Ligand SMILES: [Zn+2]
């Protein structure tokens, strides 16, 4: 069977001016990929005014599914915020480049789910999409600090977790009280913290069920953009529970990305949030402890994560997200890194050549395609 890949094209934020797309160049790259691999889908988003007609026509002609790349709980104006234990919205200051936002609305608030659906209805019904690719379907991560992590206390969330302000973190080198990382989940010592993260998984699973049901009813397929499992636990993404709501999942195994969802970036921010350097002395799974203590997230480590995912998702397709684009500051990705990643990772159905086809150099694309 021919290798299978997915591709993403970033067109700008909902409210920012659209990215200027070089359509002939993009089509040239897609043609080049087609010589080596089957393209399962192209995910395009999420600027409503981007000039994507040429790319969409190319995909339709070649039988490639076109997905709307859609951030869910961040990036859309007017989402109801996450509320802290004092009843006020928590501050989430992190802002990335190119109009991408990382402040999150509350995933349990039904108004927010309605707003997401309405936004698609109002602004994206002009293109015949085959699917939606749900990005940022999660709670915020540690990049905004600790306070937004320890939420939400809005009227919808309070009854779901029943916590008050009893979320006290332990001190020292294991502030989350991690006892074990097993089957992609952490076992936490502190009962209140454990309950908080179960509630987060409950809420994100319910949101995925709701949105997936809505979009599938309209005939769309559904893809999910997910954090690497050892990070996804903290943002409410539980692979086994989310799988039934997806046609494919894309775990983001970005080992060289210094931006949100990038493994080293998220991990450094997690350490910074605790003001410490080592925080999981007791995580008994040796492969996790080693990765965390040495800050080396090797392909062997990622392969363990892929195996863990496989055990939980049944027949749902798994496209391993590897960053192929080159951006000097945020993704200094070399051809060697790409070759090594793609030839070493096992157990996926294919690769998501991430995260923006426009910024993929010929050299990096060739490296990826030759390693498939
Ligand atoms: Zn809430």
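Structure notes:
- Residue within the stretch 147-169 that is in a loop (DSSP other than H, G, I, E, B), away from the ligand (no atom under 16 Å from the Cβ), surrounded by 17 or more Cβ atoms within 10 Å (Cβ to Cβ) and within 20 Å of the chain's Cα centre (by Cα) present: no
- Helices (runs of 4 or more DSSP H) wholly inside the stretch 283-372 that include at least 3 residues being within 26 Å of residue 24 (Cβ to Cβ) and modelled with pLDDT of 95 or more: 362-371
- Checking the stretch 218-240 against the condition returns a match, with at least one residue being surrounded by fewer than 16 Cβ atoms within 10 Å (Cβ to Cβ) and outside any strand (DSSP E or B).
- Residue, surrounded by the most Cβ atoms within 10 Å (Cβ to Cβ), within the stretch 83-100, restricted to residues that are within 15 Å of the ligand (Cβ to nearest atom) and more than 19 Å from the chain's Cα centre (by Cα): 90
- A search for C-beta distances below 6 Å between a residue of the stretch 80-93 that is under 13 Å from residue 163 (Cα atoms) and any residue that is away from the ligand (no atom under 12 Å from the Cβ) and in a loop (DSSP other than H, G, I, E, B), counting only pairs 6+ apart in sequence or on different chains, returns 85/165.
- Looking only at residues of the stretch 101-111 that are assigned to a loop (DSSP other than H, G, I, E, B) and in contact with a helix residue (DSSP H, G or I) (Cβ under 7 Å, 6 or more places away or on another chain), we find that the one that is farthest from the ligand (Cβ to nearest atom) is 102.
- The stretch 185-195, residues that are surrounded by fewer than 21 Cβ atoms within 10 Å (Cβ to Cβ) and either part of a helix (DSSP H, G or I) or within 15 Å of the ligand (Cβ to nearest atom) (or both): 191, 192, 194, 195
- Test: residue in the stretch 199-209 that is surrounded by fewer than 17 Cβ atoms within 10 Å (Cβ to Cβ) and either modelled with pLDDT under 90 or not in a helix (DSSP H, G or I) (or both): no
- Filtered residues of the stretch 60-82 (kept if within 16 Å of the ligand (Cβ to nearest atom) and at positive phi): 78
- Output for the stretch 112-135, where each listed residue is under 12 Å from residue 73 (Cβ atoms) and within 16 Å of the ligand (Cβ to nearest atom): 112, 113, 115, 116
- Boolean, residue 265 is in a helix (DSSP H, G or I), touching a strand residue (DSSP E or B) at 6+ places or on another chain (Cβ under 6 Å), away from the ligand (no atom under 16 Å from the Cβ) and in contact (Cβ under 8 Å) with a residue 60 or more places away in the chain: no
The values are calculated or read from the model by the stated rules, or taken from the named source; none is laboratory data. All values reported here derive from a predicted model rather than from experimental measurement. Positions of Cβ are generated from backbone atoms using ideal geometry, with glycine treated the same way; all protein chains shown enter the neighbour counts.
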